[in-house]
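Just so you know, all these numbers are worked out from the coordinates, no wet-lab data involved. From a predicted model like this one, the values you see are computed outputs, not experimental measurements. When we count neighbours, we look across all protein chains shown, and the Cβ atoms used for this are built from the backbone with ideal geometry, even at glycine.
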Amino acid sequence: MKGHTSVLLLAITAGITLGSSSAWAETYNLMPQPAKLEPGSGRLVIDGSFRVALEGFREPRLDAVAARLIQRLSRQTGIPLPGGLESEPGKATLVLHCDHAGEEIQSVREDESYQMDVTPQQARLSAPTPVGLMRGVETFLQLIELDAQGFSAPAVHITDHPRFAWRGLMIDVCRHWMPMEVLQRNIDAMAAVKLNVLHLHLSDDQGFRIESKKYPRLQELGSDGHYYTQAQITELVIYARDRGIRVVPEMDMPGHSTSWFVGYPELASGPGPVQIERKWGVFNPTLDPTREETYTFLDGLIGEIAALFPDEYFHVGGDEVNGVQWNTNASIMAFKKAQGMKDNADLQMYFNRRLMPIVQKHGKKMIGWDEIFHPDLPKDIVVQSWRGQESLAQAARLGYMSILSHGYYLDHALAPADYYQVDPLAGAAANLTPEQASHILGGEACMWSEFVTPENIDSRIWPSAAAVAERLWSPQDVKAVDSMYRRLEVVSRKLDGVGVTRNSSYMLMLARLAGTHSPESLTTLADVVEPIKAYAREGAREYTSLTPYNRLVDAARPESEVARIFAERADHLTANKDAVRKQLIAWRDSREELLPLLQQSALLQEDIPLAEDLSSVARAGLEALDYVDSGHPAPKAWVEGQTVLLNLAAKPHAELLLMIVEPVRKLVAAAERGSW
Ligand code: ACM
């Protein structure tokens, strides 16, 4: 409601007629959109005389914020800017005013609000806390654009605060190891779109990725040498805090724990020896919840790991316990019987009840996947809802805090619009009372890493995570998909500027695929295909952590922007007929250059059917345009022939989908009618 009110107010103050949810959004390229923005008149010029002053509360973190701002502005504009601060605020281009210190350890209660006034004379950004200033600095950098006069920021007044306190990104560093630089560049990108929690999935069947000094065989035998040292974790936590981002560690237990048992087989519910898992899926090895030694070990491990992460939450995983080892261990079965437990859910609940005081003893609150939820657990746990939105609503109804991840799985390779439309307070949560709804803290985009490597992970996270960031920060009524895409395109380019490798890796991967040929013509095909969705790749062939992820499906983006724009044009054909025809001709003729390129590369031969389909589907589209232009409906036999062709082309090849098929289907339907 807050957002709606502010937009109405804005419409009145700025004299804008309110058509969609936010008329002014079309003037600026901000993502997430601020809670309230009033346009001013004129622009603040950004040139070599740009100076920053700090006012009010000071701490080293704020000097670092100012220094990074100057560096980034210099990189964004190409204008050399001397470092250092302006001591007289009156002479500064941008004044950063902070009221007071933020929380010693940033939490969900941190004040992230800020206000910004840009006039042609000066920009003034003020916030109660350093974190609020960081959020405002990102807005300021997004406001700056190049026009015929040079770089400038539009005059505006912004009052902004987040809708949800928990706006996260989870990165799985287990299925594929992600070195520090991957995390650092993603932290920078998160900060750029005001995300504030990095959830590190640190242990799973395929790897134990953090150094334990107490139980060193965990990483020595369970990680293939790929783990973060404790010193690196400390460095990472500081790096994130400097950017207003919390880091929440996850040790997944009692399932998803094969890698623990390579060094400590006695912790498992089944017999050893155990190897690091190389495949993807759900596996049997599970902690033995009936032995006291398990809890002694967990007390030692959680104590050690919790001390490295200042955040108030510790994630215990808890997902996908298949129960196979529990059902085949006589002493565990006897334990269940003696305790009157009816099933493995009861046993997992027993495990969680034992785990809870250990987590608390080390100063943390417990968060886990929705399987951990049980009304017997204390009210300060957080439930991370991944199997559906119902568990989120149910937890909130019972007074538990929860965050939403169902619908935000970036590894499903969906389009930004798909993620954008998922709202924590919609669906099952739509009927909560305001008090119940207040227990929903926000959400987290999840990047499971079965099908990503350090090379292509950014292309799955971005720009979709920016769409999720807007959903979690901006007022609920900010939801126009067209506006989102228009702004996302600009913001996405700025994310490249903070180090996101989405575009640079794409070109490197295409060049590798092309071998000694120029990759230029390969982009024609790569730009119109998308990886198959959700968990489909797991069923497509036998993948392991040792498989090369170097095929076209690994380079292709989750959403083909070219196909999306083509589909939009095809939907509004009268206005775009020439552009559509030109595009179809280029695709029809691409075959000539593409086929020799694909044939000469061992990695690309599997994509030949896609290149054939691209050409023949484009030809069908061109014929459809001709029929419509002729003013006569296309013959039935032609329509049937094209439908067969399109149905075949709609099937995946080499785990890729050809994204021009559906828009061409609409052209064929128009030809059948003989009109648009
Ligand atoms: C999960 O996706 N297993 C939490």
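Miscellaneous remarks
- Within the range 382-398, restricting attention to residues that are within 16 Å of the ligand (Cβ to nearest atom) and either part of a loop (DSSP other than H, G, I, E, B) or of a type in the set (Gly, Ala, Ser) (or both), the residue that is surrounded by the most Cβ atoms within 10 Å (Cβ to Cβ) is Ser385.
- Among the residues examined, Ser505 qualifies as touching an Asp or Glu at 6+ places or on another chain (Cβ under 9 Å), of a type outside the set (A, V, I, L, M, F, W, C), under 30 Å from Gln71 (Cα atoms) and buried (at least 16 other Cβ atoms within 10 Å of the Cβ).
- All positions within the range 290-320 that are assigned to a loop (DSSP other than H, G, I, E, B) and either touching a Pro at 6+ places or on another chain (Cβ under 6 Å) or free of Cβ contacts under 8 Å to residues at least 40 places away in the same chain (or both): Arg291, Phe309
- Of the candidates Lys364, Lys342, the single residue that is under 20 Å from Val247 (Cβ atoms) and away from the ligand (no atom under 16 Å from the Cβ) is Lys364.
- Looking across the range 461-496 at every residue that is within 15 Å of the chain's Cα centre (by Cα) and β-branched (Val, Ile, Thr), the one that is surrounded by the most Cβ atoms within 10 Å (Cβ to Cβ) is identified as Val468.
- Answer from Ile358, Ile332, Ile372, Ile403 - the residue that is within 24 Å of Ser269 (Cβ to Cβ), within 15 Å of the ligand (Cβ to nearest atom) and buried (at least 21 other Cβ atoms within 10 Å of the Cβ): Ile372
- Hits in the range 355-373 (condition: assigned to a helix (DSSP H, G or I), touching a residue at least 12 places away in the same chain (Cβ under 8 Å) and under 21 Å from Ala395 (Cβ atoms)): Leu355, Met356, Val359, Asp370, Glu371, Ile372
- Options Asn284, Asn322; residue that is within 16 Å of the ligand (Cβ to nearest atom) and closer than 19 Å to Gly368 by Cβ: Asn322
- Residue ranges of helices (runs of 4 or more DSSP H) in the range 500-558 with at least 1 members farther than 23 Å from Ser615 by Cα: 502-514, 536-540
- Scope the range 170-205; condition over 22 Å from Ala306 (Cα atoms) and touching a helix residue (DSSP H, G or I) at 6+ places or on another chain (Cβ under 7 Å); matching residues: Val182, Asn186, Ala189, Ala191, Ala192, Val193, Lys194, Leu195
- Screening the range 541-588 for residues that are under 24 Å from the mean Cα position of the chain (by Cα) and among the aliphatic types (A, V, I, L, M) and picking the one that is nearest to Pro652 (Cα to Cα) gives Val553.
- Selected residue (criterion: farthest from Pro216 (Cα to Cα)) from residues of the range 265-279 that are surrounded by 21 or more Cβ atoms within 10 Å (Cβ to Cβ) and not acidic (Asp, Glu): Ser269
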